[in-house]
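Just below is one structure, and these are the notes that go with it.
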Amino acid sequence: MKKILEVKNLSKIYGSGCSLCAVSTGPENETNVCPHCGSIVAIHDVSFDLYEGEILGIMGESGSGKSTIVKNLYFDQIPDSGYANFYDAAQSHSIFSLNNAQQRWLRNHRFGMVYQNPHLGLNFDISAGGNIAERLLMSDLMNYGEIRERVKTLLARTEVLLSRVDELPKNFSGGMQQRVQIAKALATQPPLLFLDEVTTGLDLSVQARILDLILEIQQELKTAMIVVTHDLGVIRLLAGRTLVMKYGRIIETGLTDQILEDPQHAYTQRLVASAL
């Protein structure tokens, strides 16, 4: 299987940081707040690989650092250390070494992001179709007719009524807003998609339809995905492999079935038991 992403020793601290941050935080210290300088060690020394067409789950409680990983990889934040290589066709990009214009190109052409809060992923001042058109324009598609057709195809694919193409996202339900976000993220057919708590706060029936849609997309387009969630049901359904995080560190990693059926770390055991 072809590797699409390699992440090594990724770290992010909120605050000034000090030489004792790493040794004074983490699962063994039961905190991610440095007692010496007060900085928050959001993630420390995170490493993993992702393969073409694979769905990798990252799970953990609130504050475990799971969302920080995807925000760094999508350039919403700048990591303090570590590197990530993105393998694109015959090219390899060391993504944190790229300049702003090159990072923007990757975001617009090769990556997609679906946020928990649709306000972060959608412009609520323009129509649902306009949001998707905006991403297509940023990826250098300029023909109006072509854009309009592509927008309709994407909305139909994500089960948004075409009669609502010119409506503002604020008039949509939470589940429908997530569908528009997914359509927008898929507009450039990116080989890599980040999904950050995309079903949180949605009704169970809406959650189920969104998850089915994600699986269909992955099977149809062979899109590699990183799914961040605290919901074991989402992990069980979507992810082939899973990383478990606590206080900014990866504490367990393996095949999802293995982790859910026979968790090794005491924290993972508690997580799984609490969901039964």
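Among the residues here, Met176 qualifies as in a helix (DSSP H, G or I) and more than 21 Å from Leu73 (Cβ to Cβ). Among residues of segment 76-134 being of a type in the set (Phe, Trp, Tyr) and touching a residue at least 40 places away in the same chain (Cβ under 8 Å), the one that is nearest to Met225 (Cα to Cα) is Phe111. Restricting segment 63-93 to residues that are closer than 19 Å to Leu106 by Cα and hydroxyl-bearing (Ser, Thr, Tyr), the residue that is farthest from the chain's Cα centre (by Cα) is Ser92. Across segment 141-170, what is the total count of residues that are surrounded by 14 or more Cβ atoms within 10 Å (Cβ to Cβ) and not in a helix (DSSP H, G or I)? Here the count works out to 7.
Taken over segment 200-234, the residue count meeting the criterion of being in a helix (DSSP H, G or I) and under 24 Å from Asn32 (Cα atoms) is 1. Reported count of residues in segment 14-56, each being touching a residue at least 24 places away in the same chain (Cβ under 8 Å) and closer than 30 Å to Phe86 by Cα, is 25.
Listed here are the residues, each with its yes/no results for (1) out of contact with any Lys or Arg (no Cβ under 7 Å at 6 or more places or on another chain); (2) among the hydrophobic types (A, V, I, L, M, F, W, C); (3) closer than 19 Å to Phe194 by Cα.
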residue	(1), (2), (3)
Glu220	yes, no, yes
Ile251	yes, yes, no
Thr256	no, no, yes
Asp262	yes, no, no
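Tyr83 satisfies every condition listed in (1) under 23 Å from Gln181 (Cα atoms); (2) among the aromatic types (Phe, Trp, Tyr); (3) surrounded by fewer than 21 Cβ atoms within 10 Å (Cβ to Cβ) except (1). Being in contact with a strand residue (DSSP E or B) (Cβ under 8 Å, 6 or more places away or on another chain), farther than 23 Å from Leu238 by Cα, of a type outside the set (S, T, N, Q) and not in a helix (DSSP H, G or I) is a description that applies to Asp45.
Against the test of being surrounded by fewer than 19 Cβ atoms within 10 Å (Cβ to Cβ), in contact (Cβ under 8 Å) with a residue 12 or more places away in the chain and more than 30 Å from Arg104 (Cβ to Cβ), the options Arg249, Arg209 yield a single qualifying residue, Arg209.
Checking each residue in segment 80-109 for being at pLDDT 95 or above, in a loop (DSSP other than H, G, I, E, B) and either among the aromatic types (Phe, Trp, Tyr) or under 23 Å from Lys222 (Cβ atoms) (or both) picks out no residue at all. Among residues of segment 1-13 that are in the same structural domain as Gly63 (by TED's automatic domain parsing), none has a beta-carbon under 6 Å from a residue that is modelled with pLDDT under 95 and part of a strand (DSSP E or B) at least six positions away or on a different chain.
Residues that are surrounded by fewer than 13 Cβ atoms within 10 Å (Cβ to Cβ) and modelled with pLDDT under 90 within segment 110-140 comprise just one, Asp140.
The values are calculated or read from the model by the stated rules, or taken from the named source; none is laboratory data. Keep in mind it's a predicted model, so treat the numbers as computed, not measured. Quick reminder, even Gly has a Cβ in these numbers, built from the backbone with ideal geometry, and neighbours come from all protein chains shown.
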